[in-house]
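Have a look at the structure below, then the notes.
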Amino acid sequence: MNRIRMAKMVAASAAVAFATACSAPVPEMLKADGVERVLVDGSAYAAEFRAFRDSAFGLGEALLADGGDGSGGNVVSSPGSALIALAMLRAGASGETAAELDAVLGLPLERRDEAMNALLRSLAKFDGDPGSVDEDNPPRKPVMHAANGMFVDKDVPAGESFLATLARHYGTGVYPVDFSDEGATKPAIDAWVDRNTAGRIKEAPAKYDPRNTFSLLNSVYFAAAWETPFDPGSTSDLPFTLPGGDQIDVPAMHNLLEIKYAEGAGWRGVDLPYADGFVMRLVLPDAGTEASFGSPQLGEIADALDAAPLQTVQIQLPRWDHKCSFDLHRVLEAAGLQKTLTTTEDFNAIQPRMTITQAGQAANITVAEKGTVAAAVTQINGRVTSAPPRPEHTIHFDRPFHYQIVHVETGLPLFMGTVADPRA
C-alpha cells in the first residue's frame, strides 16, 4: 500500500480554537490532496436516513442493555455518535468484515457514504462553537456540533482511498502523531475531545495505548432551549417510584403544552420540542414494566409519534444530570461484530494489517427547566499487526529439564540447574 499524499491544508479556525481552548499541542490537520467535500441533496436519501435511524435504534438498544458504568439504572448513551464512527470505519472495511458491519448494523448497501454526507450536512445547519454556549441558559437556536477526527501514526502508511472517502463525504482530515510518545499524543487527543464537547468530556473514552497506530473519534455536542420553558416556580418535590418499587421525592417540573402525543401496546409518549429543529422523545412504559424497548418497537414508537397530531398535554418531568461511559468493544462484540473486532486483513484500506484494539464511548446530559445540554464522544482504536511466523519446531518443557544462565561473550555458565518439579 502506498503512503497517502496529503496536502497540508490546515483548518485555521480549528487551530485557533484549539490554541485558545487548551495548552496541549495539537498536530496540524491534513486532508487528502485535491479532494473536496461533495455537495449532496438530502431529499434524495429518505430510505437511507430511515436505515440509519433503525441502525441507531439497534445500537442504542445494545448500549442501554450493556448499561456502561451508569449508577442506579441511569444510562445515557449516544447511538448517533456510535453510528457515525462506525460508518467511518465501514468506509475502510472490506471482505467478511464489511459484510458483517452491513448486516449487523443494517447499513445501506448502496450510497452509504453519500447518505451519511447528507445526514451530517443536515445536522450542520445547527453547527456552532460549543465553547460559546452559556449552559445555564441554553440557546434558543440549538447548537448541534458534530466533529470527526482521526489520529494516525505518522510512520504508518494510511490508505489513500479511505482518506479520500473521509474527505469527500465526512469532511474529515487526519492528525499525524507519534503514538509511542504518550506525553505528546494523549494530551493532543484529549484536547480535541475537550474542545469539541466544551469541556463536558475531558478525556478520550478509550484507555491510551502507545502500541496503537490509529484512533478514530466522533463527538456530538447539543445545547438547546425548550420551545416553551418550564417555570422554575412550578418545580416541586414529588414522589418518583424506583425500579424496585420504593418511592423517593425528586424535583419535578410542570407544563401545559400543545405537543405530539401517542400511545401503543405497553407505552405512552410525547415529543417535547426544543425551540427549533429537535425534540426530546419521552416514552413512559405501563406501570410495573421496565423502561426498555427493543429496536423494532422503537421504530414503531418513532413512526407513531412522527404521525401524531398535536394535543394538549399536562406534563410532569423530573430534572436530571447524568453521565456514563461504555466499553464499546464489549457492546459491539455482544451485538455480533465478531469478525470486525478480530480481523487483521479487512481494514487494509485504512492501515496494513490493522486490527481493532479498543472502542469506547462517554456521554452526559443535563435536563432542566430552560432546556438541555448533552455531549458524547465515541472512539475506535486500532494498530497494525504483523503476520505471526509459522514455527519450524515445537518444544514443550512438560517434563524435567536442565537450564543455564550463560554469559554470551565468554560462554561462562553463571547459573545452572534442573527443574524436576516446578511446584517445589
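The values are calculated or read from the model by the stated rules, or taken from the named source; none is laboratory data. Keep in mind it's a predicted model, so treat the numbers as computed, not measured. FYI the Cβ positions are ideal-geometry reconstructions off the backbone, even for glycines, and counts take in every protein chain you see.
Looking only at residues in the range 284-295 that are surrounded by fewer than 18 Cβ atoms within 10 Å (Cβ to Cβ) and either among the aromatic types (F, W, Y) or without any contact (Cβ under 8 Å) to a residue 40 or more places away in the chain (or both), which one is nearest to K125 (Cα to Cα)?
Selected residue: L284.
Specify the residue that is surrounded by the most Cβ atoms within 10 Å (Cβ to Cβ); the eligible residues are those in the range 51-76 that are polar (S, T, N, Q) and more than 19 Å from L337 (Cβ to Cβ).
N74
Looking only at residues in the range 125-144 that are over 13 Å from F278 (Cβ atoms) and within 21 Å of the chain's Cα centre (by Cα), which one is surrounded by the most Cβ atoms within 10 Å (Cβ to Cβ)?
P130
Can you tell me which of (1) in a loop (DSSP other than H, G, I, E, B); (2) over 25 Å from P352 (Cα atoms); (3) among the basic types (K, R) is the one R195 doesn't meet?
(1)
Restricting to helices (runs of 4 or more DSSP H) lying wholly in the range 291-402: which have 1 or more residues that are of a type in the set (K, R)?
328-335, 338-342
So that you can scan it fast, the table gives a plain yes or no per residue for (1) under 29 Å from W320 (Cβ atoms); (2) outside any helix (DSSP H, G or I); (3) among the basic types (K, R):
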site: G73; (1), (2), (3): yes, yes, no
site: V76; (1), (2), (3): yes, yes, no
site: L89; (1), (2), (3): no, no, no
site: G92; (1), (2), (3): no, yes, no
site: V104; (1), (2), (3): no, no, no
site: L107; (1), (2), (3): no, yes, no
site: E114; (1), (2), (3): no, no, no
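Between A91, A103, which is modelled with pLDDT of 95 or more and buried (at least 21 other Cβ atoms within 10 Å of the Cβ)?
A91
Considering only the range 230-241, I want to know if a residue exists there that is in contact with a strand residue (DSSP E or B) (Cβ under 9 Å, 6 or more places away or on another chain), among the aliphatic types (A, V, I, L, M), at pLDDT 95 or above and outside any loop (DSSP other than H, G, I, E, B).
Within the range 230-241 (the criterion being in contact with a strand residue (DSSP E or B) (Cβ under 9 Å, 6 or more places away or on another chain), among the aliphatic types (A, V, I, L, M), at pLDDT 95 or above and outside any loop (DSSP other than H, G, I, E, B)), the answer is no, since none of the residues qualifies.
When the range 243-280 is examined, which residues are found to be in contact (Cβ under 8 Å) with a residue 60 or more places away in the chain and of a type in the set (A, V, I, L, M, F, W, C)?
The answer is V250, A252, M253, A275, F278, M280.
How do the pairs read when you match residues in the range 141-169 that are farther than 20 Å from L86 by Cβ with residues anywhere that are assigned to a helix (DSSP H, G or I), using Cβ under 7 Å and keeping only pairs 6 or more apart or on different chains?
Between residues of the range 141-169 that are farther than 20 Å from L86 by Cβ and residues that are assigned to a helix (DSSP H, G or I), the close pairs are P142/F126; V143/F126; V143/P130.
Out of D237, D190, D181, D249, which single residue is of a type in the set (D, E) and within 18 Å of T378 (Cβ to Cβ)?
D190
From A206, A225, A252, grab the single residue that is within 21 Å of the chain's Cα centre (by Cα), among the aliphatic types (A, V, I, L, M) and either surrounded by 14 or more Cβ atoms within 10 Å (Cβ to Cβ) or in a helix (DSSP H, G or I) (or both).
None of the others qualify; the one that does is A206.
If you take the residues in the range 34-67 that are at pLDDT 90 or above and among the charged types (D, E, K, R), which one is farthest from R112 (Cα to Cα)?
D66
Quick test for you: out of G269, G264, pick the one residue that is surrounded by 14 or more Cβ atoms within 10 Å (Cβ to Cβ), touching a Leu at 6+ places or on another chain (Cβ under 8 Å), over 19 Å from H322 (Cα atoms) and not charged (D, E, K, R).
Within the list G269, G264, the selection yields G269.
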